[in-house]
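The values are calculated or read from the model by the stated rules, or taken from the named source; none is laboratory data. Since the model is a prediction, treat every value here as computed from it, not as a measurement. Heads up, the Cβs are rebuilt from the backbone with ideal geometry, glycines too, and the neighbour counts pull from every protein chain shown. Quick note on the areas: whole protein, heavy atoms, side chains included, nothing else; ligands and nucleic acids left out. Shrake-Rupley method; radii C 1.70, N 1.55, O 1.52, S 1.80 Å.
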Amino acid sequence: MDKQKVLVLDFGGQYNQLIARRVRECNVYCEVKPYDTPLEEIRAYDPIGIIFTGGPSSVYEAGSPHADKGVFSLGVPILGICYGCQLMAQELGGLVTAAQDDSAREFGKTQTFFETDCRLFRGLPEESVTWMSHGDYMARVPEGFRLTARSAACPNVAICDEEKGFYGVQFHPEVNHTRYGREMLRNFLYEICHAAGDWTMAEYKQQAIDSIRAKVGSGKVLLGLSGGVDSSVAAALLAEAVGKQLTCVFVDHGLMRLNEGDEVEAAFARWDINFVRVDASERFLEKLAGVTEPERKRKIIGEEFIRVFEAEARKIGTVDYLGQGTIYPDVIESGKGDAAVIKSHHNVGGLPKNVDFKEIIEPLRMLFKDEVRQLGRELGLPEYLITRQPFPGPGLGIRIIGEVTREKLAILRKADFIFREEIAKAGLQGSMSQYFAALTNMRSVGVMGDMRTYDYAIALRSVLTDDFMTADWVRIPYEVLDVVSRRIVNEVQGVNRILYDVTSKPPATVEYE
Ligand code: XMP
């Protein structure tokens, strides 16, 4: 690849991929590598700039992570962030100590004053808020360096040796709380590393395609496609890369929303790939008959999915590679480094255990959700696939409380469709992360056309969340709820009552089971 690259050396901080992502946002290609990457590898990588990340250690502690000192002799500009700044200071002859009194430790938003003649802060206000998170202090800066930012508690917030191209900041420019953090990173890239801005998502796409082709050669790839954003984008990318060598298996477990199976199939019909839709609804429903316990339902669905996937894999014959739509937040959650072989991998709900794959291909593994969406657009995926709300693997199976039956599935599909249709009509999708109907197993008395009814209650749920770990319920306007309620009761037989769920997570969860 002849594109310019920035190397992020990872010292174990929380925001390391966020730094990489900010660099990519500035149209410069960027990768994160471990702090102990050998000097020769760094040299061969030929970065236009290097960023040292933050990290939990203190540089003066025995065993704290250090990069090869030769990195300072490569003639490449370096930006040290937090721990990375302290490391730079110490390695180049400064002194870093634990903050002597608590007032020099800084955490959170901090009013900071900048010397704007430093290229890192060029064009920015002389005073703004930064996000600090450090307990160490640069007691003495290295020779040749000058101080370029201070706060009330700390005179040594930023340092630089402009001649050598070395810059260090105690705060985190990559997080949103640092008001001009993006601009500072942009200055590092453009004013200091002289980036050309030659990287775009189109480039990423091409690069990913090239590396998939190089890896796969003439081998076969299998991908479990759910129709969710990540697996859809992974499928489109792999399809562009290896065409017919890819087989996408979409397991329709009969627990999909209204028209969902057809929509997923239609979306992929225009790609020249092997798309297998397995209608497995019979076997799923058979296995679920009479089962009411939520965890048991989940286990049955999960296991059945594996069985179906296995059967399809066997039909295809020898498959060398398993494609996965793993994205960066999944990697964080796993707490693991690079996973190359299938056995050490955990991130898939339904993986066959007895099918041997040579390797896993995870082309989205470095991307954040919105970057995945951007890539999806680049690949020409339809907008509705790209902006879809998450849909759980067990599908409507965990939105029907109690036993799952065809009758209940039919009721829920219609009710859920109406809810989604009205949310779309009201233009409210953007204000909610996930919204759906669930079928309670409660029946109650109603009156319709002077007749007594004894029918199901539908629960409507809409939540807003960043990470789905916590969520708030959405204040949907009463008028919209009113239309949804009247339409469902009128149009869906078997329902006579609509409830709106006003519980956050915690204490509730997003799904009902
Ligand atoms: P809960 O109900 O745990 O849901 O608050 C949080 C998010 O996870 C989704 N979810 C699942 N997704 N397989 C999935 O792929 C599952 O088994 C599953 N269970 C919950 C849920 O839809 C929400 O977005």
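Show the residue pairs meeting these rules: Cβ distance below 9 Å; 6+ apart or different chains; first residue within the range 290-315 and over 15 Å from Phe357 (Cα atoms) and free of Cβ contacts under 8 Å to residues at least 60 places away in the same chain; second residue surrounded by 13 or more Cβ atoms within 10 Å (Cβ to Cβ) and basic (Lys, Arg).
These pairs meet every condition: Ile300/Lys287; Glu303/Lys287; Glu304/Arg283; Glu304/Lys287; Arg307/Arg283; Val308/Arg283.
Just to be sure before I move on: is Gly80 closer than 30 Å to Glu40 by Cβ, open to solvent by less than 20 Å² (accessible area, probe 1.4 Å), touching a Phe, Trp or Tyr at 6+ places or on another chain (Cβ under 6 Å) and at pLDDT below 95 in the structure I sent?
Against the criterion (closer than 30 Å to Glu40 by Cβ, open to solvent by less than 20 Å² (accessible area, probe 1.4 Å), touching a Phe, Trp or Tyr at 6+ places or on another chain (Cβ under 6 Å) and at pLDDT below 95), Gly80 does not qualify.
Given (1) within 27 Å of Ile301 (Cβ to Cβ); (2) surrounded by fewer than 19 Cβ atoms within 10 Å (Cβ to Cβ); (3) modelled with pLDDT under 95, where does Val372 come up short, assuming only one miss?
For Val372, the exception is condition (2).
Mind telling me which of the residues Arg140, Arg122 ends up being surrounded by 14 or more Cβ atoms within 10 Å (Cβ to Cβ) and either within 19 Å of Glu183 (Cβ to Cβ) or at pLDDT 95 or above (or both)?
After ruling out the rest, the residue left standing is Arg122.
Could you give every pair whose Cβ atoms fall below 6 Å, whose first residue belongs to the range 454-475 and is among the aromatic types (Phe, Trp, Tyr), and whose second residue is away from the ligand (no atom under 13 Å from the Cβ) and part of a loop (DSSP other than H, G, I, E, B), counting only separations of at least 6 or pairs across chains?
Once the first residue is among the aromatic types (Phe, Trp, Tyr) and sits in the range 454-475, its partners that are away from the ligand (no atom under 13 Å from the Cβ) and part of a loop (DSSP other than H, G, I, E, B) give Tyr456/Gly494; Trp473/Val502.
In the same structural domain as Tyr35 (by TED's automatic domain parsing), in contact with a Pro (Cβ under 7 Å, 6 or more places away or on another chain) and crowded, with 20+ Cβ neighbours inside 10 Å, is that true of Ala149?
It is false that Ala149 is in the same structural domain as Tyr35 (by TED's automatic domain parsing), in contact with a Pro (Cβ under 7 Å, 6 or more places away or on another chain) and crowded, with 20+ Cβ neighbours inside 10 Å.
Assess whether Val480 counts as being within 16 Å of the ligand (Cβ to nearest atom) and among the hydrophobic types (A, V, I, L, M, F, W, C).
no
Could we say that Asp501 is more than 16 Å from the ligand (Cβ to nearest atom), of a type in the set (D, E, K, R), in contact with a strand residue (DSSP E or B) (Cβ under 7 Å, 6 or more places away or on another chain) and in contact (Cβ under 8 Å) with a residue 40 or more places away in the chain here?
Taking the combined requirement at face value, the residue does not satisfy it.
Restricting the search to the range 107-121, which residues are of a type in the set (S, T, N, Q) and assigned to a strand (DSSP E or B)?
Selection gives Thr110, Gln111, Thr112.
Mind checking whether some residue in the range 173-181 is within 30 Å of Leu237 (Cα to Cα) and assigned to a loop (DSSP other than H, G, I, E, B)?
Among the residues of the range 173-181, at least one is within 30 Å of Leu237 (Cα to Cα) and assigned to a loop (DSSP other than H, G, I, E, B), which makes the answer yes.
Can you work out which of the residues in the range 93-109 that are open to solvent by less than 30 Å² (accessible area, probe 1.4 Å) and at pLDDT 90 or above is nearest to the chain's Cα centre (by Cα)?
Selected residue: Val96.
Out of Val463, Val474, Val495, report the one residue that is away from the ligand (no atom under 16 Å from the Cβ), crowded, with 18+ Cβ neighbours inside 10 Å and at pLDDT 95 or above.
Exactly one residue qualifies, and that residue is Val495.
Could you grab me the full set of residues in the range 389-410 that are more than 9 Å from the ligand (Cβ to nearest atom) and among the polar types (S, T, N, Q)?
Across the range 389-410, the qualifying residue is only Thr405.
Based on what the data block shows, is Gln90 more than 27 Å from Pro329 (Cβ to Cβ) and open to solvent by 10 Å² or more (accessible area, probe 1.4 Å)?
yes
Given the criteria of a type outside the set (Gly, Ala, Ser) and within 12 Å of the ligand (Cβ to nearest atom), does Thr453 qualify?
The answer is no for Thr453.
Just to verify a result, which residue in the range 30-60, among those that are of a type in the set (Ser, Thr, Tyr), in contact with a helix residue (DSSP H, G or I) (Cβ under 8 Å, 6 or more places away or on another chain) and open to solvent by 20 Å² or more (accessible area, probe 1.4 Å), is nearest to Thr97 (Cα to Cα)?
For the range 30-60, the residue satisfying everything is Tyr60.
Just to verify a result, which residue in the range 368-388, among those that are part of a loop (DSSP other than H, G, I, E, B), more than 20 Å from Leu255 (Cβ to Cβ) and under 15 Å from the mean Cα position of the chain (by Cα), is farthest from the ligand (Cβ to nearest atom)?
Step by step, filter the range 368-388, then rank; the result is Phe368.
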